[in-house]
1. In µm²/s, what is D for the protein assembly as shown at 37 °C and 0.692 mPa s, where D = kT/(6 pi eta Rh) by Stokes-Einstein and Rh is the Kirkwood radius from Cα pairs?
2. Which ordering of B:LEU28, B:LEU107, B:LEU165 is given by a fewest-first count of other beta-carbon atoms within 10 Å?
3. Counting other beta carbons within 10 Å of each residue's own, what order do B:VAL118, A:VAL48 fall into, fewest first?
4. So the label point sits 7 Å from Cα along the Cα-to-Cβ vector; using that for B:ASN68, what distances do you get to the other copies, in nanometres, sorted shortest first?
5. Assign one of three labels to segment A:63-118, namely rounded, prolate or oblate, based on the Cα gyration tensor with a ≥ b ≥ c the square roots of its eigenvalues; rounded applies when a/c is under 1.5, prolate when it is not and a/b is larger than b/c, and oblate otherwise.
6. For B:GLU152, which inter-copy label distances result when the label point lies 7 Å beyond Cα on the Cα-to-Cβ vector, reported in nm to one decimal and in ascending order?
7. Let me know the charge dipole size of chain A about its Cα centre in debye, to the nearest 20, where only the beta-carbon of Lys, Arg (+1) and Asp, Glu (-1) is charged.
8. How big is D, in µm² s⁻¹, for segment B:1-68 by Stokes-Einstein at 10 °C and 1.306 mPa s if Rh is the Kirkwood radius over C-alpha pairs?
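Derivation of every value follows stated rules applied to the coordinates shown; laboratory data play no part. Predicted model, so just to flag it, every value in this text is computed and none were measured. Neighbour counts are summed over all protein chains in view; Cβ atoms, including those assigned to glycine, are modelled from backbone coordinates with ideal geometry.
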Number of protein chains: 2
Amino acid sequence: MQPWKTLTKRVVCHPNRFLTVEIHELELPDGRRIPDWPWLITPDYANVLARTTDGRFLCLRQFKYAVNGVSLAPVGGFLEPGEDPLHAAQRELLEETGYAANEWHALGRCVVDANRGVGTAHFFLALNAKPQCARHADDLEQQELLLLSRHEIEQALDRGEFKVLAWAAVVALGLRYLEKKAEPLK
Amino acid sequence: MQPWKTLTKRVVCHPNRFLTVEIHELELPDGRRIPDWPWLITPDYANVLARTTDGRFLCLRQFKYAVNGVSLAPVGGFLEPGEDPLHAAQRELLEETGYAANEWHALGRCVVDANRGVGTAHFFLALNAKPQCARHADDLEQQELLLLSRHEIEQALDRGEFKVLAWAAVVALGLRYLEKKAEPLK
């Protein structure tokens, strides 16, 4: 099973720092060529399923432009250029909730789109989260902080209330991870 | 919590049927305007966690352009224009594996990107899958069909062998669903 070869890349659209569109010319293992494969460069991001010392899950109720109505969301956001994914996860937890956690588990990372890239999602589970400072709200979005019980977050997941792919994924992977024992990252 | 208002939309890039890039001019609830919000239109897709009558999970080992190396994948693919997501899921199961299933459960749907759209992912669990016809391989990709035990697919998920976001999500959501009882779609 051989990878495809990238022959050329050209930028066809770069409206701002959140998006670059390239067209790649590809060669398949059998020699066929594809002249116009779209490739999307967007920032990588981190999402965190965070549980407090008293066993409640930190979630945000928020509006997002691509979501139909309001959605439940885990903590998360874009990585700064060059930022380590775990650092971004810890920074976002503090900024979005005012909590800090002392036990972190990696839940894996995934490319967002199998064909076009669209960045990489990094997933974490944060345990023993405690209030540490005031929340630093995003300047564009309205967000309401919720503390959900295990039963409530399971129900919300099963009812489709996490309406964004990475959000449903990190909650499903995090709840799954909590069924098992593992060593923390730090 | 109020949605943002779309004031104008313009297409800035449309290299082929797999991608249209728009720039939206938005108005926030407080009256502020964003002149250059990128919006990405790509085809919706369906993914299926499929289990055979003897309790094995149908997976594909395949190369994808955006994936580093080979990945395990569940069944899945783009919806045809106007196609019902369940129909697409059933069609993809037959085309990619040659199997048909008589019990289908909806696992939900998610927008792929909270900010830019990038299509909607529709997830299904298919049970009692049986061989029905020859596989109809995709003309671009090399794919190897695997039948994994419950233990093997759990291990593969935990090891990060499903390297694409929607693929890890449907496997996690499907395995979670199997812990519970539910009525089939048909």
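1. Estimated via Stokes-Einstein, D reaches 154 µm²/s.
2. Sorted ascending by nearby Cβ count, the order is B:LEU28, B:LEU107, B:LEU165.
3. Ranked by crowding around the Cβ, least crowded first: B:VAL118, A:VAL48.
4. Taking the point 7 Å beyond Cα along Cα→Cβ, the inter-copy spacings are 3.6 nm.
5. oblate
6. 4.2
7. So the dipole magnitude of chain A works out to roughly 300 debye.
8. D, rounded to a whole number, is 99 µm²/s.
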